[in-house]
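This report refers to the structure that appears directly beneath it.
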Amino acid sequence: MSMHFEEALIGNTELSKDALTGERYIAMNRFKVRDGAGPKFEKRWADRTSRLASLPGFRFFTLLRRVEDFNVNYEDDGKFGNYVSITLWNDKDAFDAWRTGDAFKEAHGGGGITDFIKLLTTAIFILDGGPKPAFYDGLLPVQGQTLDVEAPGGWRKVESDGQSFINPDVYVVMNRFNIAPGQESSFEKIWTDRESSLKKYDGFVFFNMMRRDASKADDGYNYMSMTIWKNKEAFEVWKKDQGSSHGQSSSESSDKPKIDMKKVIGKPPRPVFYEGKLALMSAEGA
């Protein structure tokens, strides 16, 4: 299991002195779920034992299922999968305390060899390859409405039959950026200087700009914006106001930052849309 955290342990060794300080720490695991196995995969998450939401420093969790909305083509994503688990922490120290503590072992097979073998045996018929972790510094968080979800003991009690998809709690929009070497601080400043009006929209939950905590991103995207909405309809109201073809072409704010594409961005940003299941949120919000 330690190799899964190698990226986070090493971190991004090439940050400039002007880089923004992270205000959250984000752990993601990307899964390539076999065709038709989505409901079974979701059931494994619904049935798991976890006290995640009760842990110190926890802020937000959801299991994301990628959806083919707004005619976005995901063919190039290949091995990086169609499901993502994402957990937000106050900081990297809180994440480290979780990954080295008993709660992590409990949620990943119990720590015993019998539980671990059972976990692998059931996953092999659901996943096409192993999970691919990715870690991020969370920058410039904007908190909107909170989620009304109950998690007794730190985990949701959601019924799942393994045949149908679990109903989503949130709609999540991400935009992936490949920022040219040496232009990271310029990119961050553009977002720092923007004036967001997201909070005025009903159904807006949370925004974060995410900077990869690695010197080189395995998927080619070293920044990613994330906007969480209570549902797709709330996002579509915002999208209509922006008049944007993808709704997230360069910014999640209503006042889009003016970016010198050729100088700052290595290749065009790519949006991706998700339904979020089994969502958890701290009393402080995400």
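Would you mind checking the pairs 189/262; 79/232; 199/239; 240/277; 79/157; 32/277 and listing those with alpha carbons more than 19 angstrom apart? Walk me through the numbers before you get to the answer.
Working: 189/262 17 Å; 79/232 26 Å; 199/239 14 Å; 240/277 25 Å; 79/157 31 Å; 32/277 17 Å.
Beyond 19 Å between Cα atoms: 79/232; 240/277; 79/157.
From the phi of every residue in region 211-227, what ³J(HN,Hα) in whole Hz does the Karplus formula 6.51 cos²θ - 1.76 cosθ + 1.60 yield, where θ is phi - 60° and glycine or proline is x?
Taking θ as phi minus 60°, the curve returns 10, 4, 8, 7, 5, 9, 7, 5, 9, x, 10, 8, 9, 8, 8, 9, 10 Hz for region 211-227.
Subtracting the Cα-Cα distance from 0.36 nm times the residue separation, let me have the gained length for residue 267 to residue 73 in nm, one decimal. Each step should come with its number before you reach the end.
Numbers: separation 194, 0.36 × 194 = 69.84 nm, distance 1.57 nm.
Using 0.36 nm per residue and subtracting the Cα-Cα distance, I get 68.3 nm.
Per residue, how large is the accessible surface of region 19-77? Use a 1.4 angstrom probe and give square angstrom. Provide the component values of the computation, followed by the final result.
Working: 2760 Å² over 59 residues.
About 47 Å² of surface per residue is accessible.
How many angstrom lie between the C-alpha centres of region 164-191 and region 27-62?
So the two Cα centres are separated by 20 Å.
Amide H neighbours of residue 23 under 5 Å, at least 5 residues apart or on other chains, H built in the peptide plane: list them.
138, 139, 140
Calculate, in nm to one decimal, what residue 165 and residue 49 gain on full extension: separation in residues at 0.36 nm each, minus their alpha carbon distance.
Numbers: separation 116, 0.36 × 116 = 41.76 nm, distance 1.97 nm.
Going from the current span to full extension adds 39.8 nm.
The values are calculated or read from the model by the stated rules, or taken from the named source; none is laboratory data. Since we're looking at a predicted model, the values are computed, not measured. When the accessible area is computed, the model is the full protein with side chains, heavy atoms only, and any ligands, DNA or RNA have been set aside. Shrake-Rupley method; radii C 1.70, N 1.55, O 1.52, S 1.80 Å.
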